[in-house]
Structures are given as C-alpha cells and as structure tokens.
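Step one of this worksheet: look at the structure below.
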Amino acid sequence: MFKKSISINLFFFLASFVFAQNTVTLNLNQGSDTISKHIYGHFAEHLGRCIYGGFYVGEGSKIPNINGVRKDVVEALRKLKIPNLRWPGGCFADTYHWKDGVGEKKSRPSMLNVWWGNTREDNSFGTNEFLNMCELLNTEPYLSGNVGSGAPSELSDWVKYTTHPNGSSPMPDMREKNGRATPWKVKFWGIGNEAWGCGGNMTAEYYTNIYKQFATYMTSWSNNEGIFRIASGASDDDYNWTETLMKNIPKNMLSAVALHHYSVIDWNKKGASTEFDEETYFKTMQKALLMEEYVTKHSAIMDKYDPQKKVALVVDEWGGWYDVEPGTNGAFLYQQNTMRDAMIAGTTLNTFNNHCDRVKMANLAQAINVLQSVILTRDEKIILTPTYHVMEMYNVHQDAQKIPLIVCSNDYIVGSEKLKAVSASASKDKNGFVHISLVNIDAKNSQTVSMMIKGNTFKSVSGRILTSEKLQNYNSFENPNKLTPTLFTNAKLSNENLSAIIPPFSVVVLELK
Ligand code: AHR
C-alpha cells in the first residue's frame with residue numbers, strides 16, 4: 001500500500017513535468033542566506049499627501065493621532081511590521097535643509113517644494129517628528145542626506161544631532177534643547193538621491209568623489225561605527241554607474257549601492273491606474289519583471305569588486321507608476337492600486353527574496369498616497385491597498401532563511417509576446433516552519449503548480465490567497481474591504497509532493513507545519 005502511494009505520487013509529479021509544466025523544486029536542507037527584513041522597507045517623501053494628511057495631521061487634528069501622527073496609520077503599519085522607513089525624499093531630500101525643521105514650530109522657516117508642485121513646506125514635520133514617529137512605528141529610520149544642494153557639514157551635523165551621545169557639544173546640545181536628550185538610533189544614511197538626475201545631474205565619476213567627501217565627514221568622530229552608508233545608485237540598467245562606484249569607492253567607506261526601478265510602461269504615456277486592458281497590464285508586467293534582470297546584472301558587477309558580498313544592493317525605490325487620479329494635482333503622484341499592483345509586489349518581492357545574498361534592503365515607493373502605496377487616506381478615512389495585503393502576507397519571510405528553489409513555469413502569452421506565468425520564493429522561519437509564496441500573473445488561466453519539497457517532514461499545509469474577479473479591482477473609500485486575503489484551500493501535501501492550483505492574477509502564501 002505504502003509503495004503504491006509512493007509510486008502514484010511519483011507518477012503524478014513526473015507527469016506534471018510532461019503535461020502540466022509548472023514545477024517548483026525546493027530542498028529544505030539547503031540554504032544559508034537570510035532574507036533581511038529590510039527588504040520589506042518603505043519610503044515617505046515630502047510629496048503630495050504622503051507626509052501631510054498621510055502620516056501626519058498635527059496634534060490639533062480631529063483625526064485621532066499620537067503627537068500628530070494618525071493612529072490608524074500607526075496601527076496598520078505596525079501590523080505590516082515595516083522594518084525601515086526612508087525619509088525625507090527622493091528628489092525632495094536634495095533640497096532639504098534639516099535645521100529648518102527642528103526647534104519651535106512657529107520659528108521654523110517655510111520653503112518651496114520645487115520638485116512637487118511648488119507647494120509651501122512649513123517644516124512642521126521635521127527630524128524630531130520623523131524619528132519619534134519611527135519609534136512609535138517600531139521601525140528603523142533611513143535618512144536621506146542632502147548632497148545636491150547641501151554641504152558636507154550639514155550632513156555631518158545631522159548625524160551628530162541625531163546619534164551623538166550627550167555631552168557638551170553643539171549638536172547634542174541643540175537636540176536636548178529641542179526636547180530629546182538621548183540620541184535616536186539611526187543606522188541607515190543615504191548620501192544623496194538620484195545624483196545622476198534631480199540630485200545634482202552628476203556623472204558617476206564626479207559623484208564618486210563627492211560621495212567620498214560627504215562620507216568622510218559623516219563619520220569623522222568616534223561612536224558611530226554602526227553607520228550604514230548608502231551611495232545614490234543607478235536607474236534601471238545603468239550598469240556603468242554601479243561599476244564606477246564599485247571600482248572607485250573604497251569598500252570601508254561604502255555599505256551599499258542603491259538601485260531605482262519603476263514599472264512604468266512609457267514615461268510620456270503612463271496610463272490610468274484602474275482602467276487598463278490586458279495588453280497594458282502585460283506591458284506593465286514586462287517592466288516589473290525586469291527587476292530580476294537588473295538585480296542579477298548589477299549584482300554580477302558588484303561580485304567583481306566585492307566577491308564576499310560585503311556591500312549591499314539597496315533597491316530604495318521601486319513600484320508601479322501611472323497617471324494621477326483624475327481631478328488630483330499632477331505633481332502629487334496620487335494613484336489607485338489594483339490587482340495589477342499586487343502582481344508587481346508579489347513578483348518583485350520574490351526576486352528580492354531570491355537575491356537576498358546581495359539585496360539586503362529595499363523601499364517601496366511610497367508608503368501613503370503616493371505611487372504604489374500600501375495606504376491611501378481621505379480625511380479621516382483609510383484604505384489598505386492590495387499591495388498592503390501582499391506585503392502583509394509576505395512578512396513571514398522577514399529574517400527567515402531563504403530556501404533556494406528552481407521554478408519551471410508555463411508561459412503567459414499575449415499576442416506574440418510571452419512572460420513566465422509563475423514566480424516563487426521560499427523560506428524557513430525561526431520556528432522551523434516553511435513559507436512558499438507563489439504568484440500567477442496570467443490574466444486568464446489558472447496554473448497548477450507541482451512542487452517537489454526535498455527533505456520534507458511536514459504533514460500539513462495551509463495558505464492564504466489574494467485575488468479578485470477582475471484585475472482592475474481595487475479597494476475604494478466606499479468599499480475598503482473588497483480585496484482582502486482569504487484562506488487558500490487548493491493545496492495538497494503528500495510526502496515530498498505539494499501541489500496547488502493558483503487562479504489567474506493571484507498571490508498565494510503557503511505554510512508548511
Ligand atoms: O518617488 C518619486 C520620485 O521618483 C522620487 O522623489 C525620486 O527619487 C524618483 O525619481
């Protein structure tokens with residue numbers, strides 16, 4: 001009987017290679033890399049309604065808040081377990097002078113937010129507000145320094161203001177006067193942003209020298225060895241940028257090199273966030289799946305100069321980018337979020353998980369009300385987007401041990417073009433439980449996935465799924481819970497064979513216990 005069931009299982013598994021074609025092979029006894037929780041990071045820029053109205057409504061607001069930070073946002077982001085939050089930009093960071101945003105609020109000068117609609121920035125949300133908010137969210141701050149229009153002394157002072165221990169020296173004294181005696185913990189520092197563009201239109205060679213100058217004065221005092229310095233990185237396939245930085249910056253000055261990639265079909269014709277046809281969806285996914293190629297190729301360059309993988313690749317801006325919602329300010333980058341975005345999130349996070357030996361950190365752009373957000377707000381209302389739900393389902397991978405896998409997928413075909421329908425990643429958490437995340441991007445066809453789990457001793461499988469009847473569906477303020485994860489019951493485990501039927505455009509996370 002026992003022998004018979006083994007041979008039947010084997011038959012079905014082998015048959016799946018011949019007929020069904022989606023196979024995933026995992027070896028539970030392999031794998032030494034950890035999926036850093038920081039891959040699941042977020043980004044908050046002074047842009048549109050991300051900070052004001054999104055995170056921060058001020059102490060006097062009718063909207064329930066803690067020191068001006070929305071309570072509903074705190075609750076949602078804590079549940080998401082956000083590991084880090086990048087601030088204050090983006091392009092805004094290279095125009096920001098942090099000293100304008102500390103001290104008595106009424107004495108803080110205003111500035112013009114030139115990148116994002118020339119709005120008046122009153123600096124009421126500054127360094128103290130941000131770092132205290134990070135403590136509230138139980139997340140690590142990632143401060144992006146002003147290199148484009150700032151001076152090395154400004155960044156050096158910012159490091160001292162935020163992290164230098166008490167003592168009578170100007171920056172800690174100023175911090176204490178502003179109500180905070182003990183330093184915050186700030187490990188992650190960006191030295192500029194998009195230095196090839198809004199961060200100063202520099203060449204890679206020029207930026208390399210500027211980087212070294214800024215990096216030197218950030219750490220020219222004791223007690224801050226823990227600082228993690230992130231160089232402004234390439235956009236998409238600008239491999240020369242990564243090569244120049246890796247070749248010319250001494251490794252003891254460089255913790256990480258960044259990379260930005262947005263899934264945008266055409267910068268001049270981005271298309272609407274909720275109204276799109278299958279062809280447009282396919283094009284978006286073509287762009288999103290390029291992340292795999294970019295990460296692989298930038299990593300290969302880094303391997304040449306850093307074979308021990310001491311320098312991290314930090315994808316500190318990623319996500320879908322569409323036209324703004326009709327009737328909203330074009331500079332505020334406010335867009336809705338559909339199952340298409342869930343597909344971008346699921347496949348991109350699988351890529352990061354699978355490349356966790358080099359990708360140690362990433363930041364979705366952006367957390368609230370801007371681009372591919374996890375939260376949208378309208379006055380006192382809040383929506384958790386499909387992207388939020390994917391990130392919540394995937395947070396089981398945070399700091400878990402990656403399980404290497406081989407995916408063999410059906411094609412998802414539209415017209416004469418094709419993409420791989422199935423993407424996957426897997427990990428083992430600190431309790432020894434295994435999680436497998438699967439995405440089927442095919443807009444029309446379910447995918448049967450046959451998994452060979454080598455070394456399996458688990459007896460039970462459970463799962464959650466995010467899907468919907470239409471790819472274009474989204475959570476609205478009128479119907480905020482249209483899309484939420486539900487139980488997934490279409491997986492069967494038998495010895496080393498696990499099979500699952502994944503509906504079109506859905507994300508599934510399985511747990512083996
Ligand atoms: O996320 C929006 C903008 O996109 C950022 O400010 C910039 O870094 C990028 O070009």
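Overview of results
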| read-out | value |
| --- | --- |
| Dipole moment magnitude, nearest 20 debye, region 357-408 about Cα centre, only Lys, Arg, Asp, Glu C-beta charged | 160 debye |
| Simple spin-label estimate for Asp323 and Ile501 in nanometres, 7 Å along Cα-Cβ | 3.9 nm |
| Over 29 Å between alpha carbons, listed pairs Lys105/Lys269; Lys470/Lys492; Lys420/Lys454 | Lys105/Lys269 |
| Where labels lie 7 Å past Cα in the beta-carbon direction, separation of Asp357 and Ala331 in nm | 4.6 nm |
| Extended-chain gain in nm, criterion 0.36 nm per residue less alpha-carbon gap, Asn166 and Glu275 | 33.8 nm |
| 24 Å Cα-Cα threshold exceeded, pairs from Lys360/Lys418; Lys360/Lys428; Lys360/Lys402; Lys247/Lys360 | Lys360/Lys418 |
| Orphan Cys of the chain, criterion: no other Cys C-beta under 4.7 Å | Cys50, Cys134, Cys356, Cys408 |
| Reciprocal mean inverse distance between Cα atoms of the chain - Kirkwood radius, Å | 23.7 Å |
| Span-like helix ranges in the chain, DSSP H, alpha carbon extent 27 angstrom or more, Kyte mean at least -1.0 | 278-305 |
| Gain in span if fully extended, Thr25 to Gln213, counting 0.36 nm per residue against the direct Cα distance | 62.9 nm |
| Förster radius 35 Å - calculated FRET efficiency between Asn431 and Gln286 (Cβ-Cβ, nearest 0.05) | 0.40 |
| Among 456-466, 282-292, the order from most to least packed when residues are scored by Cβ within 10 Å on average | 282-292, 456-466 |
| Exposure proxy order (Cβ contacts within 10 Å, fewest to most) of Leu405, Leu26 | Leu405, Leu26 |
| Cα-centred dipole magnitude for region 406-493, charges only on beta-carbon of K, R (+1) and D, E (-1), debye, nearest 20 | 380 debye |
| Estimated FRET transfer efficiency (Lys470, Ile66; beta-carbon r; R0 35 Å; 0.05) | 0.40 |
| Unit charges at the beta carbon, dipole of region 117-193: most positive-side option, Pro172, Asn146, Asn123 | Pro172 |
| Label-point separation, Lys297 to Lys459 (7 Å along Cα→Cβ), nm | 5.0 nm |
| Cα centre as origin, Lys/Arg/Asp/Glu Cβ charges: the chain dipole, Debye | 1460 debye |
| Efficiency of FRET from Cβ geometry, Asp236 and Ser149, R₀ 22 Å, rounded to 0.05 | 0.30 |
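Quick note: the coordinates plus some simple rules give every number you see, no bench work behind them. Please read these numbers as outputs of a predicted model, since none were measured by experiment. Glycine gets a Cβ as well: all are built from the backbone with ideal geometry, and neighbour counts include every protein chain shown.
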